[in-house]
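Below: the structure, in C-alpha cells.
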Amino acid sequence: MSKPDPLPAKRLRRTNAPAPAAAPVAPKALSGKAQRHFAIIGAGMAGIACARTLVQAGHRVTVFEKSSQAGGRTATIDSPFGSFDAGAQYFTVRDPRFARAIDTVPGICKRWSANSVQVLDAAGRVAAVGLPHREAHWVASPGMQSLVTTWADPLAKAGQLITHTRVTRIEPDSLNTPGWQLRTEGPGGTQHVYAGFDAVLLAQPSVPAQALISSSGLDTSLTDALSAVAIAPCWTLMLAYPQAVRPGLTTLGPQWNAARSTHHRIAWLARESSKPGRSVIERWTIQASPAWSAEHLEDDEARVQAKLIKAFAEVTGIRAQPSHADTRRWRYAQTTHPLGKSHLWDASTGLGACGDWCLGHRLEDAFVSGLELALKVA
Ligand SMILES: Cc1cc2nc3c(=O)[nH]c(=O)nc-3n(C[C@H](O)[C@H](O)[C@H](O)COP(=O)(O)OP(=O)(O)OC[C@H]3O[C@@H](n4cnc5c(N)ncnc54)[C@H](O)[C@@H]3O)c2cc1C
C-alpha cells in the first residue's frame, strides 16, 4: 500500500463520507458483527446489486458514480422521438436470486416478444429464424436503465449515492488507519476527499478498475487478476423515422424486430418501438461488431455514423433518411475473456472488485457478481 499523500488543504475539502439520511432498505440486525462502511465505485448493475445487499445486511455504503445517474451500460438515451436502449438490449434470467430481486420491483420488467429475432447473413438475408436458446427475453420499462435506477433510488434518497463524481484516487485514510479515503472530481473540476471507509469495492469495467488501482499505487492481489480480463468496445447507432408512423404504415423495412447479423460492420439490430412500454415511433438501435468497433474506435463520430447508416441500409433495405441519428461509443462494452469467478476480494487490504467481466458479458452476470461480492464481505 502506498503512503497517504498529505491533503492540499486549500483546494480539497475532506468529508467523512455522508451518514445516510434514512435507511434505504430495511437492514437486518448484524448478529454480533460490527457495522462497516463500504465505498463502492460505480453505480451500474454490479455496484447497485452489491450496495443494496450490503445495506440489507446492516452495513453502510456510499456509492460513487461519475455519470448523472445510476445505470452504467444499461443506459437509456432520450430523443425527441422516444428513447433508445443504447447499451444492454434485453436480459435473460437464469439465477433464481436475480428472479427474486426482480420480483421486488413489480411492473418494471416485461417480456419482450423475441420470437421475431432473426439471424441474418452478411447481405441481410434471414439465415436462421430465432435465437439458438429459446428462453424468455426481458426488458425493463420504460427503458433498460429503469431496473438499476429503481433499485438505486432508495440509496439516492438516503444520500448514499453520489453522482457526477469520478473517483480519481484510492488512498489510505490519513486520519483513520487502516481505513480508506477516496479523492474525487465533480462538476467543474471540483475536487473532494471522502474518508472513513473500511473497504473499497470497485464496480467498474475491469480496465478502468485496473487503471485506478495502478494510478493509486496500490499493492494488491487484484492487479494480476484484473489484467487477465479482456473487454471489446462497441459503437452504437440510434435512428428514428417518425415519417413511418402514418395510417396503414407503422413500420419501415423488415417485418422482424430484432436480429443478429454477420455483416462485417453490424452485429445486432433492434426495433426499439417493438419493446413493451416504448413510444410507437419507428426507431432502431444498431450495435456495430466488436472487430469493426475496435478498428474504428478513434474515428471521427460523424464518419462512424455515416458508415453505420450505410450498413444499416444494406442489411434492412431501409434507405429513407432518418429524422434523427445519434451515436455512442462504448470503450468497454462486452467481455471477451472473463475472470472466471464471481468477484475479487483481497481481505488483507480491504479492496474488492465486481462487474459483469468476472463471469461474462450479460447484465445478469453483473448482478450475480455484485451480489456475491456483497455476500462475501458482509
Ligand atoms: C452496447 C452494449 C450492448 C449490450 N447488450 C446486452 C444485452 O443485450 N443483454 C445483456 O444481458 N447485456 C448486454 N450488455 C452488457 C450489460 O450492459 C453489462 O453486462 C452490464 O450493464 C454491466 O454492469 P456493470 O455494473 O458490471 O458495469 P457498468 O454498467 O459499466 O457500470 C460501471 C459504472 O461505473 C462507473 N464508473 C466507472 N469509473 C468510475 C469512476 N472512476 N468513478 C465513478 N464511477 C465510475 C460508470 O460510469 C458506470 O456507471 C451490453 C452492453 C453494451 C455496452
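Within segment 173-191, the only residue that satisfies the criterion of being buried (at least 19 other Cβ atoms within 10 Å of the Cβ), over 15 Å from Gly42 (Cα atoms) and either in contact with a Lys or Arg (Cβ under 9 Å, 6 or more places away or on another chain) or among the hydroxyl-bearing types (Ser, Thr, Tyr) (or both) is Gln181. Screening Glu65 against (1) in contact with a Ser or Thr (Cβ under 9 Å, 6 or more places away or on another chain); (2) more than 8 Å from the ligand (Cβ to nearest atom) leaves a single unmet condition, (2). Taking every residue in segment 42-56 that is free of Cβ contacts under 8 Å to residues at least 60 places away in the same chain and pairing it with any residue that is assigned to a loop (DSSP other than H, G, I, E, B), at least 6 positions away or on another chain, the pairs with Cβ-Cβ distances below 8 Å are Gln56/Val25; Gln56/Ala26; Gln56/Pro27; Gln56/Lys28.
Within segment 172-209, the set of residues being within 13 Å of the ligand (Cβ to nearest atom) and of a type in the set (Gly, Ala, Ser) comprises Gly186, Ala203, Ser206, Ala209.
State the number of residues belonging to segment 358-372 that are part of a helix (DSSP H, G or I) and either out of contact with any Pro (no Cβ under 8 Å at 6 or more places or on another chain) or within 7 Å of the ligand (Cβ to nearest atom) (or both). First the steps, then the outcome.
Initially, segment 358-372 is screened for residues part of a helix (DSSP H, G or I), giving 358, 363-372.
Next, only the ones that are either out of contact with any Pro (no Cβ under 8 Å at 6 or more places or on another chain) or within 7 Å of the ligand (Cβ to nearest atom) (or both) stay: 363-372.
So the answer is 10.
Of the residues making up segment 335-357, those that are within 13 Å of the ligand (Cβ to nearest atom) and either surrounded by fewer than 24 Cβ atoms within 10 Å (Cβ to Cβ) or not aliphatic (A, V, I, L, M) (or both) are Thr335, Thr336, Pro338, Leu339, Ser342, His343, Cys354, Gly355, Asp356, Trp357. Just a yes or no: is a residue in segment 241-256 within 13 Å of the ligand (Cβ to nearest atom) and either buried (at least 21 other Cβ atoms within 10 Å of the Cβ) or not assigned by TED's automatic domain parsing to the domain that holds Gly82 (or both)? No: segment 241-256 contains no residue that is within 13 Å of the ligand (Cβ to nearest atom) and either buried (at least 21 other Cβ atoms within 10 Å of the Cβ) or not assigned by TED's automatic domain parsing to the domain that holds Gly82 (or both).
The values are calculated or read from the model by the stated rules, or taken from the named source; none is laboratory data. Quick caveat, the model's predicted, so the values are computed rather than measured. Virtual Cβ from ideal backbone geometry, glycine too; neighbours counted across all protein chains shown.
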